[in-house]
Amino acid sequence: MTDATRMQEHTLAPDQLRDAMNRLRLEVGKAVVGQDGTITGLLIALLSRGHVLLEGVPGVAKTLLVRAFATALGLDTKRIQFTPDLMPGDVSGSLVYDAKTGEFDFREGPVFTNILLADEINRTPPKTQAALLEAMEERQVSTDGVTRPLPDPFLVAATQNPIEHEGTYTLPEAQLDRFLLKLLVEVPARDAELAVLRRHASGFDPRDLGAAGLGQVVSPSEIRAAQRAAASVTVADDVLGYVVDLAQATRRSPSVQLGVSPRAATALLAASKAWAWLGGYPAITPDHVQTMIVPTWRHRIRLRPDAELEGVSVDAVLASVVQQTRVPI
């Protein structure tokens, strides 16, 4: 990065950066209708340098959403279709013998990109799922004793189908804990679904986003500056204590077998900062924490088997935790 670029990033006003993020949401909305909350979740993950797990039935535009998001950002994106026979090297890359030189050269895998779409991540065995662990946590790939950094920014958007379990593998807890947010991509409401059909009737082709008028609306310098601005949102000690109290309350809940970890508390803090910054707040409030707690923690809690049999949901447990935890004034 040049000195001129750094100077340009520091001269961008907060309102300019927020306007750029709003342009991003509007641009993605040209291709994806009725998923405003999911678009905002992806934006929060980008600002927080986190990753997203998208869960929804087939046909609710999960893949289109990620492609449109990358297009509006002007970032490189690659897609991996996870299957039972996928190997770790197919994700991270592998050493390939070059007959001309007589040496082994490293061939980069699809993980070397800005936005990686891991489609149906639960259809591959844990060994291959784990190939993403180092990339997601350290933003690097280590092969044959050599560490190779990934591009910046780097975001993994993984999808999974919540209703089809045949031929799938449950994501291990360590893998789930690396996702900042788990977003539920719902079937759109009637008006939104009608708008989708109108667009397709008018010739919209989801495979050709350029023809649909989508283009880059945010510069790399604006992305980096917005990430720094979101990270600089201040937090009072009583709000920090509130996050800790919520985390400890999940561990004491009678319905919970495994509560959230300290990493989950830091994830909630980062997501709350991004949400507060998008709203123009200089510091996070308990309201911001309460808004982000469900998407940030819903995938990090394991319920007791008897609670699952009784139909208890993680979202309901988190709602109860929020209700029962004292809010700092």
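The values are calculated or read from the model by the stated rules, or taken from the named source; none is laboratory data. Note that the structure is a prediction, hence the values are computed from the model and not measured. Please note: Cβ atoms are built from the backbone with ideal geometry, for glycine as well, and neighbour counts cover all protein chains shown. Each accessible area value is taken on the protein alone, full model and side chains, heavy atoms only, with ligands, DNA and RNA left out. Shrake-Rupley method; radii C 1.70, N 1.55, O 1.52, S 1.80 Å.
Residue-wise HN-Hα couplings along region 202-212, as the Karplus relation 6.51 cos²θ - 1.76 cosθ + 1.60 with θ = phi - 60° gives them from phi, are 8, x, 5, 10, x, 7, 10, 6, x, 5, 7 Hz; Gly and Pro carry x. The length gained by stretching the chain between residue 166 and residue 327 to full extension, at 0.36 nm per residue less their Cα-Cα distance, is 53.7 nm.
Can you tell me the alpha carbon radius of gyration of region 126-256 divided by the globular rule-of-thumb value 2.2 N^0.38 Å?
Details: Rg = 20.7 Å, N = 131, 2.2 N^0.38 = 14.0 Å.
Ratio of Cα Rg to 2.2 N^0.38 Å: 1.48.
How long is the gain from residue 174 to residue 245 if the chain were fully straight, where each residue apart is worth 0.36 nm and the alpha carbon distance is subtracted? Before the final figure, lay out each step's value.
On the way: separation 71, 0.36 × 71 = 25.56 nm, distance 2.28 nm.
Contour length minus the Cα-Cα distance gives 23.3 nm.
For the chain, the solvent-accessible area works out to 48 Å² per residue, with a probe of 1.4 Å and every protein chain left in place. Here the Karplus curve 6.51 cos²θ - 1.76 cosθ + 1.60, taken at θ = phi - 60°, turns the phi angles of region 128-136 into couplings of 7, 4, 5, 4, 8, 4, 5, 4, 6 Hz, with x standing for Gly and Pro. About the centre of its Cα atoms, the chain shows a dipole size close to 400 debye [charges on the beta carbon of Lys, Arg (+1) and Asp, Glu (-1) only; nearest 20 debye]. The sum of -39500 (n - 2.57) across all DSSP H runs of n ≥ 4, divided by the residue count of the chain, sets its helix-only mean residue ellipticity at 222 nm to -13500 deg cm²/dmol. Between region 55-108 and region 167-189, how far is it from one alpha carbon centroid to the other, in angstrom? Using only Cα atoms, the two centres lie 18 Å from each other. Given their separation in residues at 0.36 nm each and the Cα-Cα distance between them, residue 207 and residue 101 gain 34.2 nm when the chain is fully extended. Given the whole protein assembly as supplied and a 1.4 Å probe, what does the accessible area of residue 221 come to in Å², nearest 10? Ignoring ligands and nucleic acids, residue 221 comes out at about 10 Å². Here the chain has an Rg and Dmax of 20.6, 70 Å, counting Cα atoms alone. Remark on residue 256: its backbone amide H falls under 5 Å from those of 304, a criterion applied only to residues 5 or more positions apart or on other chains, H modelled at 1.01 Å from N. Farthest toward the positive end of the dipole of the chain, out of 240, 267, 106, is the Cα of 240, where the dipole comes from beta carbon charges about the Cα centre. Scalar couplings 3J(HN,Hα) for region 112-119, obtained by applying the Karplus form with A = 6.51, B = -1.76, C = 1.60 to θ = phi - 60°, are 7, 7, 8, 10, 9, 8, 9, 7 Hz; x denotes Gly and Pro. Within the chain, what's the longest run with no trypsin sites (Lys or Arg not before Pro) in a DSSP loop and at most 15 other beta-carbon atoms within 10 Å? Give the range, please. Here the longest run is 208-325. A Förster distance of 56 Å, applied to the separation of the beta-carbon atoms of residue 304 and residue 76, puts the FRET efficiency at 0.85. Which lysines have a Cα less than 22 Å from the Cα of residue 62, not counting those fewer than 8 places away in the same chain? Qualifying lysines at Cα under 22 Å: 30, 78, 182.
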